[in-house]
Every structure is written in C-alpha cells, then in structure tokens.
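Here is the structure we will look at, set down as structure tokens.
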C-alpha cells in the first residue's frame, strides 16, 4: 500500500472519519523513516535477502516488458520492502491496451484495478496486478502491480522527486545499479 492510502486507512480506523486534514497526518518522509527503523530493528536478519529477491524479480519483469518503458517505484525501489511487499511498476507506452494483450499472450492472468495518477490531480490510471513466477527456484511468486500511463506522462514522471531530492522511480538500468551496489536502504541519486 502506498503511504497516502495507508494514511487514509489509518486515519479512518482511528477517527472513524473518511476525511482527515492533511496537516494532522505525518508526511511521507516521517512514515518512511519509521518503516526503515522498524526494518532495521526487527527484520535486519531477513530483509536484505527478501529485498534482493524482490529487486531481481522486478528486474526480470522490467526486462520482459522493456518495450513498454517500465519504471520501478515504491518500497522495492526505496529499500524498505519486506517479504510482504509487492513490486510496483509504472509503464509508459503508446497504447496501454497493448500491455494487457501482451500479458494475456504470455499466459499471465491479471486483475484490473485503478490507481491514482502520480501527478495527484485525481485522475485514475488502469493497473494490472499479477503474480510473477520466476523460472528459477529462487523464491516464491512475487505480486506485481503495473500502472499503465501514456507515453506523454513519462516526461513529467522523470521530474518528480521526494522531499529529499531523491528520484521517485528508476528504470531497469538504475535498478541494475542498485542491485550491483547491494544498496538496501537508499534510492540512487538519479534514475
């Protein structure tokens, strides 16, 4: 779950209200800091291997769908992913329906849902969710959520960074660099 959805759910559970003023909620950097602290305190013996498996799976999916310009975002990218995390990808292509047809042709069953557009303007983006099964005995299937954006959205996506100036997403080459560096707790300086 992304931080915004998690904040809304937590606020609803605590207050019983569907809408809570944003200034009453922690910002994403505070949440990520707490998640990192939790991972370091309670999961330091297993999380690096789990993260490595998730990143390798993400790279396999990205390489397989390279023609759709996939970018990795979320916990697998920023290093806070655990065994309970899914891979979040964003594809930027001329025709998002081509991705769905491609997955069907590969025999990959998926569910369709909607995700908020990264620009925050309320638009919804079609998202395909599926299990990625590796052909190696390296680990269990990985949940993948592939948000389908138009090619025109790519330029804006690459300009977005978090409050600390870190990129919000990376392409397959950036992920390869992360894997090669063995980075498990920070995102790369550039995508």
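Overall form of region 1-42: prolate. Here a/c, set by the Cα gyration tensor axes a ≥ b ≥ c, is 1.5 or more, and a/b is the larger of a/b and b/c. The alpha carbon gyration tensor of region 63-139 gives principal lengths a ≥ b ≥ c with a/c of 1.5 or higher and a/b no greater than b/c, which makes the shape oblate.
Compute the Cα gyration tensor for region 47-181, then decide on rounded, prolate or oblate, letting a ≥ b ≥ c be the square roots of its eigenvalues: rounded whenever a/c is under 1.5, prolate when a/b is larger than b/c in the other cases, and oblate in all that remain. Oblate, since a/c reaches 1.5 and b/c is not below a/b. Across the chain, Cα pairs under 8 Å and at least six residues apart give a relative contact order of 21 percent. In the calculated pair-distance distribution of region 1-101, the portion above 22 angstrom amounts to 46 percent of the Cα-Cα pairs.
Every read-out reported here was derived from the displayed coordinates using simple, explicitly stated rules and does not represent laboratory data. Worth saying up front: this structure is predicted, and the values here are computed from it rather than measured.
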